[in-house]
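Colleague: Below is one structure. I have some questions about it.
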Amino acid sequence: MNAPTSPAGGWLGNAIQRIEADYLRSADTHLIPLRLPAFAEAGIDLYLKDESTHPTGSLKHRLARSLFLYALCNGWIHEGTTVVEASSGSTAVSEAYFARLLGLPFIAVMPRSTSPEKVAQIAFHGGSCHFVERAGEVYAEAQALAERSGGHYMDQFTYAERATDWRGNNNIAESMFQQMARERHPVPGWIVVGAGTGGTSATIGRYLRFRCHDTQLAVVDPEGSVFAAYHASGDATLGAPGSRIEGIGRPRVEPSFVRTLVERMIEVPNVDSVAAMRALLGLLGRKVGPSTGTNFVGMLQLAHEMRAAGRQGSILSLLCDAGERYLPSYHDAEWVQQAFGDCGEAERRIAAQLA
Ligand SMILES: Cc1ncc(COP(=O)(O)O)c(C=O)c1O
């Protein structure tokens, strides 16, 4: 282990400077209002925060920046350190970008089923991929690989909720509230997100409390994920078969998922996630990733409940990544038919919910 060096002139200082310079070159992401006249007439507005416009194409760009700064400032990463991560793809794409910015080797440990687009993007940013057969194997394999190479296991699942500044510093929640300032319902009634590490929901949940906002936090959970059962029981030893919506839902309770911050869990069938993903193509004019479809199902459910109760307000969620990453999978009708069966009935139900 290298002796701690003062940040000032050395490699560490230079590394932090590079990340901060990259941050300065980056613009914040847009907040897009969804045109849904049936809800607008009832005083209910829906918005998506478009995280697909980050340089690495997903919400994970923010997390990767925070994880690198956290590891650098903890003295865990030094000149030449190999960085290893266990990721279903989005985080690895973003971490590969920052590793290259610092001139560090990067290895992503992921299930062999991860979309080829994400594998190609990790390679595009200079990273390499190490495959395991089952999603549950990524943690131990990443740890072992880091030990074998004398590198550092970034471990997003443990540190996501710690590395992100939940009090502000332009975190995703602060950005949302700033962008809502001139809307007719500037303080959302609900914010809806999915959970992979749980870091995004933890950051938003803490920020809402820190700023004493009346906004409630709902987490959508896909089939096969453990989070909804854990939220209900508090039993962190629970397991589950695993999610088939890339990026969200987990086979085990992740340390960064903070259940006490979540007011509501919404369980979403896979066919509904795909149907909602397809419906967003009609509303936005472009393809989104499957986890954004899952978010949209939660938004629509809450919008209906608000309208039925005569409540007005706004509902915010995330456009987590673009659909172009999933052309051979979730945006391929044959692949979807194979994976989830017929989505026709779900599409009709979602279409009816938009009216
Ligand atoms: C596409 C996508 N959506 C949503 C999430 C969930 O984010 P978090 O890990 O902050 O819970 C992820 C996480 O990997 C993701 O890749």
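The values are calculated or read from the model by the stated rules, or taken from the named source; none is laboratory data. Owing to the predicted nature of the structure, the values given are computational and were not obtained by experimental measurement. Ideal geometry is used to build each Cβ from the backbone, glycine not excepted, and the neighbour counts take in all protein chains shown. Protein only, heavy atoms only, side chains kept; ligands, DNA and RNA dropped before computing areas. Shrake-Rupley method; radii C 1.70, N 1.55, O 1.52, S 1.80 Å.
Colleague: Which is surrounded by 19 or more Cβ atoms within 10 Å (Cβ to Cβ), among the β-branched types (Val, Ile, Thr) and not assigned by TED's automatic domain parsing to the domain that holds Ile122, of Ile32, Ile77, Ile44, Ile16? Give the derivation first.
Modeller: On the way: Ile32 fails: surrounded by 19 or more Cβ atoms within 10 Å (Cβ to Cβ); Ile77 fails: not assigned by TED's automatic domain parsing to the domain that holds Ile122; Ile16 fails: surrounded by 19 or more Cβ atoms within 10 Å (Cβ to Cβ).
Just a single option satisfies the conditions, and that option is Ile44.
Colleague: Still on this structure, I have one more. How many residues are open to solvent by 10 Å² or more (accessible area, probe 1.4 Å), farther than 15 Å from Leu354 by Cα and in contact with a Leu (Cβ under 8 Å, 6 or more places away or on another chain) when one looks only at the stretch 273-315?
Modeller: Within the stretch 273-315, residues that are open to solvent by 10 Å² or more (accessible area, probe 1.4 Å), farther than 15 Å from Leu354 by Cα and in contact with a Leu (Cβ under 8 Å, 6 or more places away or on another chain) number 1.
Colleague: Looking at the stretch 122-139, which of the residues that are exposed (fewer than 14 other Cβ atoms within 10 Å of the Cβ) and at pLDDT below 95 is farthest from the chain's Cα centre (by Cα)?
Modeller: Ranking the candidates gives Glu133 first.
Colleague: Within the stretch 1-106, considering only strands (runs of 3 or more DSSP E) that don't extend past its boundaries, which have at least 3 residues that are over 28 Å from Tyr139 (Cα atoms) and not acidic (Asp, Glu)? Quick ask: steps written out before the conclusion?
Modeller: Numbers: elements: 31-34, 44-50, 83-86.
Once the strands (runs of 3 or more DSSP E) in the stretch 1-106 are filtered for at least 3 residues that are over 28 Å from Tyr139 (Cα atoms) and not acidic (Asp, Glu), what remains is 31-34, 44-50.
Colleague: Also, quick follow-up: Could you check the stretch 169-185 and list, in sequence order, the residues that are more than 12 Å from Arg62 (Cβ to Cβ) and open to solvent by 40 Å² or more (accessible area, probe 1.4 Å)?
Modeller: We begin by selecting, within the stretch 169-185, every residue more than 12 Å from Arg62 (Cβ to Cβ); these are 176-185.
Of everything in the stretch 169-185, those that are more than 12 Å from Arg62 (Cβ to Cβ) and open to solvent by 40 Å² or more (accessible area, probe 1.4 Å) turn out to be Gln178, Gln179, Ala181, Arg182, Glu183, Arg184.
Colleague: Another question about this same structure. Just to be sure I understand the filter: pairs with C-beta atoms under 8 Å, separated by 6 or more residues or on different chains, first member in the stretch 293-321 and over 16 Å from Asp221 (Cβ atoms) and assigned by TED's automatic domain parsing to the domain that holds Asp272, second member of a type in the set (Ser, Thr, Tyr) and within 13 Å of the ligand (Cβ to nearest atom). Which pairs pass?
Modeller: Going by the 8 Å Cβ cut-off, the qualifying pairs are Leu319/Ser52; Leu319/Thr292; Asp321/Ser52; Asp321/Ser58; Asp321/Ser90; Asp321/Ser291; Asp321/Thr292.
Colleague: Cβ-Cβ under 7 Å, sequence separation 6+ or interchain: first residue in the stretch 177-190 and under 16 Å from Cys212 (Cβ atoms), partner open to solvent by 40 Å² or more (accessible area, probe 1.4 Å) and among the acidic types (Asp, Glu). Which pairs?
Modeller: Val187/Asp214
Colleague: May I pose another question? Taking the condition of being over 21 Å from the mean Cα position of the chain (by Cα) and exposed (fewer than 15 other Cβ atoms within 10 Å of the Cβ), how many residues in the stretch 186-212 meet it?
Modeller: 4
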